[in-house]
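Taking it in order: structure first as structure tokens, then the write-up.
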Amino acid sequence: MAKKIVVIPGDGIGREITDAAVAVLKKTAEKFHLALSYEEHDAGGTAYDKCGTPLPEATLAAAQAADGVLFGAVGGDKWDAVEPALRPEKAILGLRKGLGLYANLRPVKVADALVEYSPLKPELVKGADLVIVRELIGGIYFGEKCESEQVDGTERAWDMENYSVPEVERIARLAFETARLRRGKVTSVDKANVLATSRLWRRTVTALAPEYADVALDHLYVDNCAMQLAVRPTQFDVIVTGNLFGDILSDEAAVIGGSIGLMPSASIGTGTSLFEPIHGSAPDIAGQGIANPLGTILSAAMLLRYALREEAAADAVEAAVDAALAEGRRTADIYIEGTGCTKVGTREMADAVLAHL
Ligand code: IPM
Ligand code: MG
């Protein structure tokens, strides 16, 4: 039986980048004799325009029944005035919750060919290789909130952050296990000097540490971690943190590798896993065919590895991406004039990857 991949292009550049990644999946399937079937579904602003909701029931149901989900991006200024509960972002938040995707893995690795593209000094980023393990369905993102209320004649809004011990334990365990397969170091990031949720987080992670005595654990406050990522990114192996801190730190960490356009992610839970680039829908360049497809192609590689357990196929896609970069193919976000590289569009970049498969 063919494994079913649900493809959700979403908004903005989502269509271009998922098309590129599906082309790569198809070629890989052919090469490795994998039986894959694809089913496309709407989400985000596009779905809202068509049927009045950012996450149609059919999309969630198909995702739940799939072997893996490949997601593009959602959002755009066009929907800024839409009421909060129907914003395009609700599509990805609803999918994460609906699929029980409690962990988001965001690897950051600097390809040798791209060291000079990082805004940080080459000697600082060379060899950086870390993964952010972000808690994805708890914390302030999913706590109780109030859009607007009047208190003593003044308008206010609030969002509540809360974490339970089991929520922290399951993400911490995944981080420890991830570190075991890497360099054996976990850095837990919180704001325990100020926040109660962070103190519970730190206590819970620390209590688990004896079970993972082969893994080194340290703790950093999020503000210090943000600085350390820019000062000495090579010190990190696995960073584990809550939903909001993980969102912010992963965008910061992405630039270490040269461009956010290169960064894939895997969201893992109890059922179907979902794979998406960490950049957004980039409405300013949508439809121009210039977006970098590599973050999505590398997300497809993670789908092969984590959802389908096809390690060799995943390795082949990653090697083909490295080869395309090594021969000097560059989309606009990673192109520097006068370096002898070739500036290419989305489709040509995908073709270069296909050629190396
Ligand atoms: C991300 C994005 C999302 C998030 C948005 C689109 C809701 O920024 O995946 O990092 O905040 O989680
Ligand atoms: Mg983000």
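Determine, yes or no, whether GLU310 is open to solvent by 10 Å² or more (accessible area, probe 1.4 Å), under 30 Å from LEU174 (Cβ atoms) and more than 14 Å from ligand 2 (Cβ to nearest atom). Full working, then the answer.
On the way: open to solvent by 10 Å² or more (accessible area, probe 1.4 Å): yes; under 30 Å from LEU174 (Cβ atoms): yes; more than 14 Å from ligand 2 (Cβ to nearest atom): yes.
The answer is yes for GLU310.
Out of all the residues in segment 88-107, is one or more closer than 30 Å to THR339 by Cβ, within 13 Å of the chain's Cα centre (by Cα), within 16 Å of ligand 2 (Cβ to nearest atom) and of a type in the set (A, V, I, L, M, F, W, C)?
Within segment 88-107 (the criterion being closer than 30 Å to THR339 by Cβ, within 13 Å of the chain's Cα centre (by Cα), within 16 Å of ligand 2 (Cβ to nearest atom) and of a type in the set (A, V, I, L, M, F, W, C)), the answer is no, since none of the residues qualifies.
Restricting attention to segment 62-82, which residues are buried (at least 24 other Cβ atoms within 10 Å of the Cβ) and aromatic (Phe, Trp, Tyr)?
The answer is PHE71, and nothing else.
Return the only residue of ALA291, ALA323 being farther than 18 Å from ASP19 by Cβ and either among the aliphatic types (A, V, I, L, M) or assigned to a strand (DSSP E or B) (or both). Walk me through it before giving the result.
Details: ALA291 fails: farther than 18 Å from ASP19 by Cβ.
It is ALA323.
Going through ILE297, ILE260 one at a time, which residue ends up being in contact with a His (Cβ under 8 Å, 6 or more places away or on another chain), in contact (Cβ under 8 Å) with a residue 24 or more places away in the chain and on the phi < 0 side of the Ramachandran plot?
That would be ILE260, the only listed residue that is in contact with a His (Cβ under 8 Å, 6 or more places away or on another chain), in contact (Cβ under 8 Å) with a residue 24 or more places away in the chain and on the phi < 0 side of the Ramachandran plot.
Which of the following residues is more than 16 Å from LEU303 (Cα to Cα) and open to solvent by less than 20 Å² (accessible area, probe 1.4 Å): VAL231, VAL240, VAL255, VAL222? Walk me through it before giving the result.
On the way: VAL231 fails: open to solvent by less than 20 Å² (accessible area, probe 1.4 Å); VAL255 fails: open to solvent by less than 20 Å² (accessible area, probe 1.4 Å); VAL222 fails: open to solvent by less than 20 Å² (accessible area, probe 1.4 Å).
VAL240 is the lone residue from the list that is more than 16 Å from LEU303 (Cα to Cα) and open to solvent by less than 20 Å² (accessible area, probe 1.4 Å).
Looking only at segment 193-218, count every residue that is within 30 Å of PRO122 (Cα to Cα), surrounded by fewer than 17 Cβ atoms within 10 Å (Cβ to Cβ) and of a type outside the set (Gly, Ala, Ser) and tell me the total.
Number of matching residues: 1.
Quick one: count up the residues across segment 263-278 that are within 15 Å of ligand 2 (Cβ to nearest atom) and in contact with a Gly (Cβ under 6 Å, 6 or more places away or on another chain).
3
Whether any residue in segment 221-235 is in contact (Cβ under 8 Å) with a residue 40 or more places away in the chain and either within 13 Å of ligand 2 (Cβ to nearest atom) or closer than 26 Å to PRO166 by Cα (or both) is what I want to check.
Looking through segment 221-235, none of the residues is in contact (Cβ under 8 Å) with a residue 40 or more places away in the chain and either within 13 Å of ligand 2 (Cβ to nearest atom) or closer than 26 Å to PRO166 by Cα (or both).
In segment 158-179, which residues are without any contact (Cβ under 8 Å) to a residue 60 or more places away in the chain and either in a loop (DSSP other than H, G, I, E, B) or open to solvent by 70 Å² or more (accessible area, probe 1.4 Å) (or both)?
Residues satisfying the conditions are TRP158, ASP159, MET160, ASN162, SER164, PRO166, ARG173, GLU177.
Any chance segment 184-195 includes a residue that's part of a helix (DSSP H, G or I) and farther than 20 Å from ILE248 by Cβ?
Within segment 184-195, none of the residues are part of a helix (DSSP H, G or I) and farther than 20 Å from ILE248 by Cβ.
Pick from segment 35-61 the residues that are among the polar types (S, T, N, Q) and assigned to a helix (DSSP H, G or I): which of them is least open to solvent (accessible area, probe 1.4 Å)?
Here the answer is THR59.
Any chance segment 132-144 includes a residue that's without any contact (Cβ under 8 Å) to a residue 40 or more places away in the chain and open to solvent by 40 Å² or more (accessible area, probe 1.4 Å)?
Scanning segment 132-144 turns up at least one residue that is without any contact (Cβ under 8 Å) to a residue 40 or more places away in the chain and open to solvent by 40 Å² or more (accessible area, probe 1.4 Å).
Of the residues that make up segment 262-273, is at least one open to solvent by less than 10 Å² (accessible area, probe 1.4 Å) and of a type in the set (Ser, Thr, Tyr)?
Within segment 262-273, one or more residues are open to solvent by less than 10 Å² (accessible area, probe 1.4 Å) and of a type in the set (Ser, Thr, Tyr).
All but one of (1) farther than 26 Å from THR46 by Cα; (2) open to solvent by 10 Å² or more (accessible area, probe 1.4 Å); (3) within 14 Å of ligand 1 (Cβ to nearest atom) hold for LEU249, so report the exception by its number.
Every condition holds for LEU249 apart from (2).
Please count how many residues of segment 153-212 are of a type in the set (Gly, Ala, Ser) and under 25 Å from LEU130 (Cβ atoms).
Of segment 153-212, the ones of a type in the set (Gly, Ala, Ser) are 153, 157, 164, 172, 175, 179, 184, 188, 192, 196, 198, 207, 209.
Filter once more, keeping what is under 25 Å from LEU130 (Cβ atoms): 172, 175, 179, 184, 188, 192, 198, 207, 209.
Residues flagged as of a type in the set (Gly, Ala, Ser) and under 25 Å from LEU130 (Cβ atoms) within segment 153-212 amount to 9.
The values are calculated or read from the model by the stated rules, or taken from the named source; none is laboratory data. Because the structure is predicted, anything quoted here is derived from the model rather than measured. All Cβ positions, even for glycine, are placed from backbone atoms using ideal geometry, and neighbour counts span all protein chains on display. Surface areas here come from the heavy atoms of the whole protein model, side chains and all, with no ligands, DNA or RNA. Shrake-Rupley method; radii C 1.70, N 1.55, O 1.52, S 1.80 Å.
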